[in-house]
1. I need the P(r) histogram for the range B:90-363: all alpha carbon pairs, bin width 10 Å from 0 out to the longest distance, whole percents.
2. Kindly identify residues of the range A:250-274 having a loss of at least 40 Å² in accessible area between the isolated chain and the assembly of all protein chains, probe radius 1.4 Å.
3. Kindly report, to the nearest 10 Å², the accessible surface of B:His394 as traced by a 1.4 Å probe over protein heavy atoms only.
4. I need the calculated FRET efficiency for the pair A:Ala214 and B:His214, taking r as the beta carbon distance and R₀ as 56 Å, to the nearest 0.05.
5. At a probe size of 1.4 Å, how large is the accessible area of B:Lys261, to the nearest 10 Å²?
6. Once amide H atoms are placed 1.01 Å from N in the peptide plane, what residues at a sequence separation of 5 or more from A:Gly229, or on another chain, have their amide H within under 5 Å of its amide H?
7. Helix A:140-155 against the longest principal axis of chain A: what's the angle in degrees, Cα atoms only, rounded to the nearest 10?
8. What whole-number volume per residue, in cubic angstrom, does the convex hull of the C-alpha atoms of the range B:158-265 give?
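The values are calculated or read from the model by the stated rules, or taken from the named source; none is laboratory data. Please read these numbers as outputs of a predicted model, since none were measured by experiment. Note that we place each Cβ from the backbone using ideal geometry, even for glycine, and neighbour counts take in every protein chain shown. Side chains included, ligands, DNA and RNA excluded: accessible areas come from the protein's heavy atoms. Shrake-Rupley method; radii C 1.70, N 1.55, O 1.52, S 1.80 Å.
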Amino acid sequence: MTTHAAETSSASSASSTSNTFARPPADDVPADVPAGVPAAAYEAGFTESASGRVYTVTGGDWEQVLGAGEDYTERLTVNMGPQHPSTHGVLRLVLEIEGETVVQTRVVIGYLHTGIEKSCEFRTWTQAVTFLTRADYLSPLYNETAYCLAVEKLLGVTEEIPERATVIRVLVMELQRIASHLVWLATGAMEIGATTGMIFGFREREKILDLLEAITGLRMNHAYIRPGGLAQDLPDGVERDIRAFLDDMPKRIREYHALLSGQPIWKGRMVDVNYIDAASCIALGVTGPVLRAAGLAWDLRKTMPYCGYETYDFDVPTSLDADSYARYLVRLEEMGESLKIIEQCLARLRPGPVMIADKKIAWPAQLSIGTDGMGNSLDHIRKIMGTSMEALIHHFKLVTEGFRVPAGQVYTAVESPRGELGYHVVSDGGTRPHRVHVRDPSFVNLQAVPAMTEGGQIADVIVGVASVDPVLGGVDR
Amino acid sequence: MSYPSSFGAPAVPPLAAAGDPDLSVFGGDPLWLILLKAVAVFAFLLLMTLFAIVFERKVVARMQQRVGPNRHGPKGWLQSLADGVKLMLKEDIIPVLADRPVFILAPVVSAIPAFLAFSVIPFGPEVSIFGHHTALQLADLPVAVLFVLSASSLGVYGLILSGWASGSTYPLLGSLRSAAQIISYEVAMGLSFVAVFLNSGTLSTSGIVAGQRHWWNVVLVPSFIIYCIAMVGETNRTPFDLPEAEGELVGGFHTEYSSIKFAFFFLAEYINTVTVSAVATTLFLGGWQPPPIPYFSHFDTGWFPVIWFVLKLLAFLFLFIWLRGTLPRLRYDQFMAFGWKVLIPVGLVWLLAVATFKVYRENVTDRTPWLIGFGIAVGILLIITLVDPGARKHAERLEAAERERTRNAPSLDRIPWPPPQPSSKSPSPPYGPGPNRPSSVIVAGGPRQES
């Protein structure tokens, strides 16, 4: 090791003489770097290059960062993520461990920041859907619905949304809730080594994605729900497919129970692990299955209904155990409840429009499958172009400029698979949002991870993160 | 199930009676035959590895309603060969912080003992190879099973060294886990062997197989079960794959390895799997002996027994795969607790029972008082278990706790709000255009024009 340190220090001194390696500004360096640490061996710094300053951020000994004071000799810092098989994308967990016991968990986010909220301010109210659907990419339709409910509230047209559109919104949302929970089941099972559980989860999710593809045209990131209604109506025959799925799914849920629920190892890994009670959940703003597994039946579909949820018959499963196993059971139960809602949606589907009648808001699209995929129906465009100059102007104005939304601000929230998904939308009266802020449940729920995992084992951290079910697309937006 | 007639001295004539096993058939082979056997064992292990990987992937795929590998070779059976070639052609990365000599040595240390252990596994009885009368076994020792144990413990050095030499956190954790794991489960494994030794009266593998002519040692059920569990722990396979727990430690000890070095670890893992399966076959399932079914039992000479041996081996491999398709991974502390608090005590008690029984069979002539005493002891135990004096109280306590919990349960009428925080700041002002956002004129269409 000593030869190695000598090598690196000589290498860095050589590079500093050639003046390609610049020391960072004084305030960037930890003040109390102990003497004897190989100078600049793996220090953060920057180099000047033709394309500008290139920063190097590297690791190093934790003592260098934390300084003296506490005895860290028995402590190991594990940088779990952002590239790690079990951190649900690019979550980074900085764990301090003593042996196998986790002493401190720090959650670091921001690796998937895509500027979705900001981008919305530069597109029309309708186009924003295309960004927002990519935020929480496992429940895109919830993002779309919550945003569209907000825009409709700003427009004051909530009452004018066609019944059929609302029912279909509920239908696709509940389908997606099952799909999202299935991904959670699959990834959670995979992370503790239950490969068959993984395949089972993804197998059924695939069926739901097929249904959603038939309905919306895309498997994910649908951009299906628009301010004023839906992009298109249900295709022929999809109701039959959904019914077939409804017949099949209860069997599958029983299969998950048979494979996992009673299994001693599965229970051993989850029961009494990552406990967090209702009071702590509320103090941290945690919602969704984590809160319900702690005993509080807080489900926005019941407590603050939207999209007519108050007229559907379903239960809110809860548990008092507040551990990972309770969250697992709650999610499996929720899948069953979603199936009940989907069935009621199918019974309520009546023929009718799926877009608001107001032509000043309704996106004038008639989608159809063309040779190059789904797009504007050529017949529709021919009709617009060929029959009326006013129709052409209207179409042009609405598509390029968009509609104006009265100034004001609203907050709407829906119960996404992960918890309360809120949209705070501000309009300054123009054709684009002044501000769209997403209250993403994954973001808030991640706060609970340190509370759940500190004092446990490394393996419990994985289970804990999985039981929160964060989607980093939503966390970072 | 009654105990075998061979249990104890009389039924196994030469082996159990004599102090040392009869190994006269070994050691007389000419050099070319020894080389031939060594190469054959080596080739067998390599082929089994190639086979086992595809077999595992295909079987797990069937269990999970997938297709599995089906591209390379007939029905995908050459998949692992293709993977092996690919691994050898990949870039070999050695981390800067790694201790180079040890880092390079570790995979070799891991792979060689895996091969070594197989040299004492009997594939079949004596056969004639080009006129030479010889056993289908590379070598045998009076302490052959101990040799297997020592070879498998040497293999763990590879894992520990690789974890230490990688200079990285996950491998270090993985190697620590594997060290603890192998030490713990080696004890249980050794205990399960002792019952077999007591039964067979020998430690030589050929002797143990010969002693199972009439009754397989699988009748020592607890030993067999303990061995089956310990062998999974020994080979780091699901549900005991903690040293390489993908979900936690990325790859565990082999996280930093790539290319051919990684392939060595992979090879070692699968050869270890084959080896422990072969040991299980030899010690408990009668080795190359045909199944004790009237018609089959005639096929116990010449080359036929090799078929039985391989079939039994495959059955164990299937067991490994089945476990992987069914079970999640244990947590480290649960795994250690299971090893030390369940496997080892049970193994010890069972060993005591076997030894007692053996002494009893050989030395006690008037058995009636012993049987009566034993019966009374079992009866008392049964009564205590069935009556269970503390059960009612325990149930009451549980019920009270449950009532208390339900009474304190949060509900929508009684939301457990956190206590108010004293706040010095005034509430933030209502949303308004920030300093960087003068309320701009909204220009219809096109990008927003600031100023």
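1. 7, 28, 32, 21, 10, 2, 0
2. Hits at the 40 Å² cut-off: A:Gln263, A:Ile265, A:Arg269.
3. B:His394 has an accessible surface of roughly 90 Å² with all protein chains in place.
4. Values: r = 65 Å, r/R0 = 1.16.
Efficiency computed from Cβ-Cβ geometry: 0.30.
5. 20
6. A:Ile356
7. Between helix and principal axis, roughly 60 degrees.
8. Working: hull volume 12.3 nm³, N = 108.
Convex hull volume per residue, Cα atoms: 114 Å³.
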